[in-house]
Amino acid sequence: MSLLSDGGPAAAAAPSSSVAPTAVPPRAGVARRFLRKPVAVASVAWLLLVAVLAAAAPLLTSASPTASSITNALAPFGGDSPLGTDGLGRDVLAQLLYGARTSLVGALIVVAVALVLGLPAGVLAGYYRGRFDAAASWVANLVMAQPAIIILLVVLAQFGRSTELAMLVFGVVIAPGVFRLVRASIIAVRGELYVDAARVAGLSDPRIMRRHVLPVVVAPTIIQMSQVLGIAIVLQAGLEFIGLGSANQASWGGMLNDAFAKIYAAPNLLLLPGLAIVVTVTACSLVGNGLRDVLGVGATPPVRRRSAVRAVGPVVEDGRPSSGTAPAPDDALLRVEGLRVAYPEPDGGEGEVVHGVSLTIRRGEVHGLVGESGSGKSQTAFAVLGLLPPQAHTSATTLTFDGGDLRGISRRGMNQLRGRRIGYIPQEPMSNLDPSFRIGSQLTEPMRHHLGLSKAEAKAKAIQLLDRVGIVDPARVFDSYPHQISGGMAQRVLIAGALSCDPDLLIADEPTTALDVTVQAEVLDLVRDLQAERDLGVLLVTHDFGVVADLCDTVTVMRAGEVVESAAAAQLFADPQHEYTRSLLAATLEGGPARAALTTPAGGTR
Ligand SMILES: Nc1ncnc2c1ncn2[C@@H]1O[C@H](COP(=O)(O)OP(=O)(O)OP(=O)(O)O)[C@@H](O)[C@H]1O
């Protein structure tokens, strides 16, 4: 049984090519845009009116909704009963007012129960996946497979006629719909690069959830709940109409039941409760539609992270590591030896995608990790960052950062390293910025968290960093939303973010791939300047030998998850040992020469 459909997360911003002249904060506009929708506004007004009338019922009428008087049956409009009386002499106005209470309270019970059960379960299942997700999804599917009305009838038959009990059970039945919607929204946003970026910045899970994940759930959940309100009112009226509501409680469905028996004698008795139900349920639905339009849910698909599965490039015969592997220096900042990454496969086995990779990076060294698409460069970098998906099995004989073992490090320990001592520059700048927060807030949060800076100090440092990475008007960009800046500016912002907590190691995953050629050159120059200025160790993931020639001291070449050659950059260019390296170099040269002249390491230009 599925009364509700899954929805997607709220909008993701589309990049534009320059800073927009006027900043229109997306959230500030929501109320204004909603107010421009007369039907939705009228619907909200109606619902508020019903709520106020229901709350003020004892003040608006002194009549009891359940007190019958056979002598006063079917009294016309006017007099003591302004809207007349029904077949048992009960005051119609009082029944309508108190019936509204029953309807609203019942609908709110459904919403509360559905939210209490579905929301936290959906958040935990979507964010952490794993066993809890499997178990919760199984329970949700089981409940959804049951016919709701049969469950309700069985419970009411067992425990007696009670509107509240019926609504409670209905809330349980509807909770899987909330669970699924929330889970789907969280899974979608959890895969977004800006959530990875927040993790890389070292923010804790609760903080990432509160700031980047939960806001995405709010809009679809509010819209879903407005629909649930309407469905609950109809269901409740239906149960009361067939006589399954509380006998001593006024309700719109009960009024319909009574009026049906007098349909020929007093057809007007059907009109008022019927209208109340129809208008109120329609209003709930129209409010939901209005909110959907205003919040843009479902209008814009989320920015998807790039696919993990890549095309395989040119095939080279011999895959053995070359003898030219650079010796591991003792003052290593990052030391990786025998790194393996494997994923479970559908047949129950495991497929290894990184096969015993080793590399070492010293302070001040720029190390290029090169290879064709799918060769395992990003998997290696993410393994170091501790950002592989939960199903990945990672092992290494050595994995140390500044002497500290990263194998088996706690989540908290890794959070303290990422963002603080290990910075990360991603490949796709736009997807790594949360569209719903200003640049300034995204830059200052890790600084406040890791460095304990005050709001003002973090702002001053962020503006200084924006200036340093070449942003012309740092104060304006600080106050802008991601969709108001260009891709090149977004990458500069992310570089500023990666440097904001003064890391020792920078991991840059193809930092220029998503940028046009002119901007690529500028960003590479910037990375080179900042690296030299701060004596950073850099792991630069790239498939471009031009970038390697331009920036790197040492290079590791990967193919199909293995290191085929590792050497000083100049040596590798001068005398590539492996056939595969030679074919990659040849492919680069066919595409165009390296950006800078390459001389010996001692000599100078890189
Ligand atoms: N979640 C996953 N499950 C199974 N296999 C995966 C997963 N993620 C990546 N892989 C596989 O790991 C291999 C290496 O991928 P990786 O992203 O590291 O390549 P890459 O060298 O960085 O490529 P590119 O230059 O295109 O980014 C690929 O064959 C890919 O299909």
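Only the coordinates and a few stated rules stand behind these numbers; no lab work does. Predicted model only: the values in this text are computed from it and were never measured. Cβ: placed from backbone, ideal geometry, glycine included. Neighbour counts: every protein chain shown.
So here's what we get for this one:
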{"item": "Likely footprinting exposure, F159, F437, fewest C-beta neighbours within 10 Å first", "result": "F159, F437"}
{"item": "Total charge dipole magnitude, region 433-500, about the Cα centre, Cβ charges on Lys, Arg, Asp, Glu only, Debye to nearest 20", "result": "100"}
{"item": "Summed residue charge, Cβ within 15 Å of T66's Cβ, Lys/Arg positive, Asp/Glu negative", "result": "-1"}
{"item": "Gyration tensor verdict on region 401-552 (Cα atoms; rounded if a/c is under 1.5, prolate if a/b is larger than b/c, oblate otherwise)", "result": "oblate"}
{"item": "Dipole-positive endmost among A140, A125, Q236 within region 105-247 (Cβ charges, Cα centre)", "result": "A125"}
{"item": "Amide proton proximity set for G368, modelled H, under 5 Å, gap of 5+", "result": "L540, D553, T554, V555, T556"}
{"item": "Net charge, L93 excluded, C-beta distance under 13 Å - Lys, Arg +1, Asp, Glu -1", "result": "-2"}
{"item": "Length-normalised contact order for region 433-500 - Cα pairs under 8 Å, 6+ apart - percent", "result": "43"}
{"item": "Taking L88, L48, L181 and counting other C-beta atoms within 10 Å, the order from fewest to most", "result": "L48, L88, L181"}
{"item": "Per-residue HN-Hα couplings for region 444-458 [Karplus 6.51, -1.76, 1.60; θ = phi - 60°; Hz; x = Gly/Pro]", "result": "7, 4, x, 5, 5, 6, 7, 9, x, 6, 6, 4, 5, 5, 5"}
{"item": "Long-range amide H partners of S566 with built H, under 5 Å", "result": "S322, G324, T325, A326, V557"}
{"item": "Histogram of C-alpha separations across region 433-500, 10 Å bin width, %", "result": "25, 60, 15, 0"}
{"item": "Within region 385-474: Cβ-based charge dipole about Cα centre, in debye rounded to nearest 20 (Lys, Arg +1; Asp, Glu -1)", "result": "300"}
{"item": "Ascending count of other beta-carbon atoms within 10 Å, so fewest first, for Y128, Y98, Y264, Y580", "result": "Y264, Y128, Y98, Y580"}
